[in-house]
Amino acid sequence: MNRRTKIVAVAAAVLLTLGAGGVAVASGGDAGHGTHGVREAAALTGTAKLYRPAGDDITFSFDAHLAAKDNTDPQAATGTFRFSHYKDGKGGYAVAKVDCLTTGGKVAVVTGQVIETDVDAFRNKRVGVSVHDDGKRDRLGYSWVGKETNLEVPPCLSAAPFEKVLPGTGDFTVLPWRLDYPTE
């Protein structure tokens, strides 16, 4: 058997051994998030504390996902996000069930209905958060900025990411959404 024939035979044996999974990995180098080998349509994960020189402990955590099968419906996103704000032993938290997720590049916007909280103003409200995943300079924004008492926002909307994340705490990962645009 010549050298070329041996190489082809070894390659064929490797592919047969790996089966369909090997082919998927070889052709889908962008498998990304999830454990199914299929790239999600979009995702936002991670935790960070906001920068506050006065010592406030403000933390945001995300586990939001849009399945590949729902690529054209960001309101089919699933998961939760949590935020809390404490200072001198006072403050509160909220957990929201994700109802929309959009991402573009390193920016994500997620909204959700608050399902658990110890702050009356958030109870049963939809809130929105934006994240800019910029490595060591992550930023974050939220829909309840300002003095407005009506926290309710439409799905997929929030304020721009205006807050700085405390250095060393941001581990956000934004999986960019890829839309298929019509050609005609």
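Being of a type in the set (Val, Ile, Thr) and under 17 Å from the mean Cα position of the chain (by Cα) narrows it down to one of 153, 98, 119, 145, so name that one.
On the way: 153 fails: under 17 Å from the mean Cα position of the chain (by Cα); 119 fails: under 17 Å from the mean Cα position of the chain (by Cα); 145 fails: under 17 Å from the mean Cα position of the chain (by Cα).
Step by step, each of 153, 98, 119, 145 is checked, and only 98 is of a type in the set (Val, Ile, Thr) and under 17 Å from the mean Cα position of the chain (by Cα).
Could you pull out the residue among 43, 76 that is modelled with pLDDT of 95 or more, out of contact with any Lys or Arg (no Cβ under 8 Å at 6 or more places or on another chain) and within 30 Å of residue 168 (Cα to Cα)?
Working: 76 fails: within 30 Å of residue 168 (Cα to Cα).
It is 43.
Quick grid of which residues meet (1) in contact with an Asp or Glu (Cβ under 6 Å, 6 or more places away or on another chain); (2) at pLDDT below 95; (3) hydrophobic (A, V, I, L, M, F, W, C); (4) closer than 28 Å to residue 39 by Cα:
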| site | (1), (2), (3), (4) |
| --- | --- |
| 81 | no, no, yes, yes |
| 84 | no, no, no, no |
| 92 | yes, no, no, no |
| 147 | no, yes, no, no |
| 150 | no, yes, no, no |
| 170 | yes, yes, no, yes |
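Only residues in segment 88-107 that are over 16 Å from residue 40 (Cβ atoms) count as the first member; pair them with residues that are of a type in the set (S, T, N, Q) and open to solvent by less than 40 Å² (accessible area, probe 1.4 Å), Cβ under 6 angstrom, at least 6 apart or cross-chain, and list the lot.
These pairs meet every condition: 93/84; 94/117; 99/111.
Looking only at strands (runs of 3 or more DSSP E) that fall completely inside segment 76-184, which ones have 1 or more residues that are loosely packed, with under 15 Cβ neighbours inside 10 Å?
Per the criteria, 78-87, 90-104, 107-117.
Does residue 158 satisfy the condition of being more than 16 Å from residue 42 (Cα to Cα), touching a residue at least 40 places away in the same chain (Cβ under 8 Å) and touching a Gly at 6+ places or on another chain (Cβ under 6 Å)?
Values: more than 16 Å from residue 42 (Cα to Cα): yes; touching a residue at least 40 places away in the same chain (Cβ under 8 Å): yes; touching a Gly at 6+ places or on another chain (Cβ under 6 Å): yes.
For residue 158, the condition - more than 16 Å from residue 42 (Cα to Cα), touching a residue at least 40 places away in the same chain (Cβ under 8 Å) and touching a Gly at 6+ places or on another chain (Cβ under 6 Å) - is met.
The values are calculated or read from the model by the stated rules, or taken from the named source; none is laboratory data. Since the model is a prediction, treat every value here as computed from it, not as a measurement. So basically every Cβ, Gly included, is an ideal-geometry build from the backbone, and we count neighbours across all protein chains shown. Note: accessible area is taken over every heavy atom of the protein model, side chains too, but ligands, DNA and RNA are not part of it. Shrake-Rupley method; radii C 1.70, N 1.55, O 1.52, S 1.80 Å.
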